[in-house]
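What follows is a short report on a single structure.
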Amino acid sequence: MAEAYDPGNIFAKILRGEIPSHRVYEDDAVVAFMDVMPQGMGHTLVVPKAPSRNMLDADPATLGPLFAIVQKIAVAVKKAFDADGVTIMQFNEPASGQTVYHLHVHVVPRFEGVPLKPHSGQMEKPEVLAENAGKIREALAG
Ligand code: AMP
């Protein structure tokens, strides 16, 4: 049986506005914000507002709207950073590398010959995250 959802997880706190994030997108069902330990420039997380630990316990009705926005963000980050490609990742439970237990999808712009940095590696400077968030918001708007 799946473990229970913990409403004290860090993304739930971000969704409730209890801790800050660099948001690039929000609608009724989904929020997207910058990953603070990016595996590449422009690494963005797309998070449904509905609570679930991960894909294994999510309501299937959550997934359509979530992945529609994953696509939207993937197109926007490719444009914002003039990337060559985009990696989309999603982890379920510790054995897979999940560290935050609220469903989320990683969207990472990719550049020829540039490897991904380690998962949950180094913190990025807030000013860099703010600048990159601005570029993504611009790409989403235009
Ligand atoms: P996962 O291993 O798939 O659960 O990924 C969790 C991700 O959340 C990692 O890439 C972390 O760098 C990122 N992360 C952790 N805390 C925060 C935070 N406060 N704001 C934004 N991203 C975060």
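Scan the stretch 88-99 and give yes if some residue there is in contact with a helix residue (DSSP H, G or I) (Cβ under 7 Å, 6 or more places away or on another chain), open to solvent by 60 Å² or more (accessible area, probe 1.4 Å) and under 21 Å from N132 (Cα atoms), otherwise no.
yes
Output the residues belonging to the stretch 114-126 that are within 16 Å of the ligand (Cβ to nearest atom), of a type in the set (A, V, I, L, M) and more than 20 Å from I19 (Cβ to Cβ).
Correct list: L116 only.
Would a scan of the stretch 48-56 turn up a residue that is within 25 Å of G8 (Cα to Cα) and at pLDDT below 95?
Checking the stretch 48-56: not a single residue is within 25 Å of G8 (Cα to Cα) and at pLDDT below 95.
Could you tell me whether the stretch 60-69 includes any residue that is in a loop (DSSP other than H, G, I, E, B) and more than 14 Å from the ligand (Cβ to nearest atom)?
no
If a residue has to be of a type in the set (G, A, S) and under 21 Å from A80 (Cβ atoms) to count, how many in the stretch 1-49 make the cut?
Residues in the stretch 1-49 being of a type in the set (G, A, S) and under 21 Å from A80 (Cβ atoms): 4 in total.
Of the numbered conditions (1) open to solvent by 10 Å² or more (accessible area, probe 1.4 Å); (2) more than 11 Å from the chain's Cα centre (by Cα); (3) closer than 24 Å to G17 by Cα, I69 satisfies every one except a single condition; which is it?
Failed condition: (2).
Quick check: is even one residue across the stretch 23-30 within 11 Å of the ligand (Cβ to nearest atom) and either touching a residue at least 60 places away in the same chain (Cβ under 8 Å) or surrounded by fewer than 16 Cβ atoms within 10 Å (Cβ to Cβ) (or both)?
yes
Only one of V128, V108, V114 is more than 20 Å from L15 (Cβ to Cβ), among the aliphatic types (A, V, I, L, M) and open to solvent by 60 Å² or more (accessible area, probe 1.4 Å); which?
Answer to the selection: V114.
Which of (1) without any contact (Cβ under 8 Å) to a residue 12 or more places away in the chain; (2) open to solvent by less than 70 Å² (accessible area, probe 1.4 Å) does F81 not meet, given it meets every other one?
Only one criterion is unmet by F81, namely (1).
Which members of the stretch 79-113 meet the condition of being within 12 Å of the ligand (Cβ to nearest atom) and hydroxyl-bearing (S, T, Y)?
S96, T99, Y101
The values are calculated or read from the model by the stated rules, or taken from the named source; none is laboratory data. These figures come from a predicted structure and were not determined experimentally. For neighbour counting, all protein chains shown are included, and Cβ atoms are generated from backbone atoms with ideal geometry for every residue, glycine included. These area figures cover heavy atoms from the full protein model, side chains too; ligands, DNA and RNA do not enter into them. Shrake-Rupley method; radii C 1.70, N 1.55, O 1.52, S 1.80 Å.
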